[in-house]
1. Given a 1.4 angstrom probe, what's the average accessible area per residue across the chain, in square angstrom?
2. Helix 132-142 versus the longest principal axis of the chain: what is the Cα-based angle in degrees, 0 to 90, to the nearest 10?
3. Tell me whether segment 18-139 comes out rounded, prolate or oblate; compute the Cα gyration tensor, take square roots of the eigenvalues as a ≥ b ≥ c, and use a/c under 1.5 as the rounded threshold.
4. Out of the total accessible area of segment 1-142 (probe 1.4 Å, heavy atoms of protein only), what percent is carbon and sulfur?
5. What is the helix-to-structure angle for 17-27, meaning the angle in degrees between its Cα long axis and the longest Cα principal axis of the chain, kept from 0 to 90 and rounded to the nearest 10?
6. What size of dipole, in debye to the nearest 20, comes out for the chain about its Cα centre when the only charges are +1 on Lys and Arg C-beta atoms and -1 on Asp and Glu C-beta atoms?
7. For segment 37-83, which GluC sites (Glu not before Pro) are both in a DSSP coil and crowded by at most 15 other Cβ atoms within 10 Å?
8. Net charge near Ile108: determine it from the other residues with C-beta under 12 Å of the C-beta of Ile108, scoring Lys and Arg +1 and Asp and Glu -1.
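The values are calculated or read from the model by the stated rules, or taken from the named source; none is laboratory data. Given the structure is predicted, the values throughout are model-derived calculations rather than measurements. We place every Cβ from the backbone using ideal geometry, glycine too, and count neighbours over all the protein chains shown. Keep in mind that these areas ignore ligands, DNA and RNA; they rest on the heavy atoms of the full protein, side chains included. Shrake-Rupley method; radii C 1.70, N 1.55, O 1.52, S 1.80 Å.
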Amino acid sequence: MCGIVGYAGPQTPSTTALDVLLEGLARLEYRGYDSAGVALVTPRGLASAKRAGKLERLREALAENPLPEGTVGIGHTRWATHGRPTDANAHPHVSYDGKVAIVHNGIIENFAPLRAELEDAGVELKSDTDSEVACHLLARAYNGEDESGTAGDFEASALAVLGRLEGAFTLLFTHADHADRIIAARRSTPLIVGVGGDGMYLGSDVAAFI
């Protein structure tokens, strides 16, 4: 089963949001996985990195190409269900406009018609996963490109998308225009929320932030 972590809170010189995410992902390695990735909401926009293979490959990629610092971030370790274990199929997935990032655990059972709808609208999907449709659907809702009537409203757009998904899932959504917020939702799969003096924590397993 995939592993999910999320963090929203302050940074110190010794601990950044990225540090929190990588530590959380390391604590979830016992679950088994074939790729790992992170996304941060930064003052320069959304920044992400992901790699097939073990977490160490992601750490190496981040050392070679550091991400800008951000106080909100999401991370993921994937166990392939839809699509082979490749960089493109790893999470997080980023929307066509570069502003939405999502991580997902579970199965979106109706992804095929949703994918066809997106392709008909001119959206180019970059992975073979069921998960990727969620980030593009949210971007289209937020940008006023669908019939949801939720343009400019991050929460309402996320709710509109969630209402269209069938299956069991945990999803974390971030948006470049909302640097203080993660939207998290679950349906029949685990989601743990932790509230601390130093921030808010999200995980698919309490081991991620014990």
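1. Solvent-accessible surface per residue comes out at 44 Å².
2. Taking Cα atoms only, the helix is inclined about 70 degrees.
3. oblate
4. Details: 2940 of 5860 Å².
Ligands and nucleic acids excluded, carbon and sulfur reach 50 percent.
5. 80 degrees
6. Using Cβ point charges on Lys, Arg, Asp and Glu, the chain gives about 540 debye.
7. Glu69
8. -1
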